[in-house]
Amino acid sequence: MLLINRSVELKSSLEWIKASFTIFREKPLQFMVLGFFSTLVSLLPLLGAFMAPLFLVRFAVITQKIEQNEPVLFSAIFDDFFANHQVIRLAFVNLTITLIIFVLQYILEYKFKLNGMNLKSSPLSPLNLIFFIPSLILQMALWLSPLICLFNPNIEPLSAMVMSIKACGFNIVTLLVYSILIIFFTIIAILPIGLGLLVWLPMMSIITYFIYRSVFINN
């Protein structure tokens with residue numbers, strides 16, 4: 001049975017980053033290539049919504065193999081990419097929800113334009129604020145649910161998304177500290193002509209594996 005750890009320590013944020021860097025150093029080329037394609041696909045809104053859980057799971061699979069001292073060949077980094085049916089179902093759920101949000105946003109924008117109102121002119125416009133909370137909840141739902149489905153195939157995708165939201169809520173302070181660190185290290189990574197992102201972007205996906213391990217307990 002998968003339980004939520006409701007008291008993850010604040011210092012865990014730094015431990016996740018250190019553990020991620022240790023794993024990254026083992027297979028840097030594999031992770032950079034996987035990170036490159038993950039970032040490239042994420043630029044395509046709907047395709048990115050579908051592929052995001054699959055890429056995150058692939059990072060987790062490779063990380064676990066490295067932890068268990070199993071070989072990770074460069075030619076095999078995309079092996080079994082579509083093998084996990086629960087994760088694929090989760091990908092379709094995420095795609096459907098994202099598509100619904102896009103359609104609703106388009107409809108509202110069109111209606112407001114008919115009334116002579118351009119509500120997307122500012123980041124704080126009412127239209128953006130209306131969809132901020134649903135988008136935030138979707139991000140929380142998608143953050144850990146792919147790994148829940150990967151390591152717990154008996155848990156349905158929607159249940160996994162609910163568990164991910166609850167886990168974020170119970171550990172909100174620790175995750176806020178982590179978010180601040182993420183912003184800090186992202187700025188540092190951008191400074192050397194953005195080259196640091198080749199390391200930092202894959203690391204953020206690896207970190208999710210360690211967050212999952214801290215936030216959930218198998219009982």
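For the criterion of being closer than 28 Å to PHE102 by Cα, part of a loop (DSSP other than H, G, I, E, B) and aliphatic (A, V, I, L, M), ILE148 fails.
Of all the residues in region 1-35, those that are in contact with a helix residue (DSSP H, G or I) (Cβ under 9 Å, 6 or more places away or on another chain), in contact (Cβ under 8 Å) with a residue 60 or more places away in the chain and of a type outside the set (Ser, Thr, Tyr) number 20. Applying a threshold of 8 Å to beta carbon distances and a minimum spacing of six or more residues, or different chains, the list of pairs starting in region 87-106 at a residue that is under 17 Å from ALA60 (Cβ atoms) and ending at one that is among the β-branched types (Val, Ile, Thr) and crowded, with 18+ Cβ neighbours inside 10 Å reads VAL87/VAL57.
The single condition among (1) surrounded by fewer than 20 Cβ atoms within 10 Å (Cβ to Cβ); (2) part of a helix (DSSP H, G or I) that ILE193 does not satisfy is (2).
Of the residues LEU175, LEU144, LEU138, LEU181, only one is on the phi < 0 side of the Ramachandran plot and surrounded by fewer than 17 Cβ atoms within 10 Å (Cβ to Cβ); which? Exactly one residue qualifies, and that residue is LEU181. Within region 75-110, the set of residues being surrounded by fewer than 11 Cβ atoms within 10 Å (Cβ to Cβ), assigned to a helix (DSSP H, G or I) and at pLDDT below 90 comprises SER75, VAL103, TYR106, ILE107, TYR110. Taking residues in region 142-168 that are of a type in the set (D, E, K, R), and partners anywhere that are outside any helix (DSSP H, G or I) and surrounded by fewer than 24 Cβ atoms within 10 Å (Cβ to Cβ), the pairs with Cβ atoms closer than 7 Å and at least 6 places apart or on different chains are LYS166/ILE4.
The values are calculated or read from the model by the stated rules, or taken from the named source; none is laboratory data. Being a predicted model, the structure only gives us computed values, none of them experimental. Neighbour counts are summed over all protein chains in view; Cβ atoms, including those assigned to glycine, are modelled from backbone coordinates with ideal geometry.
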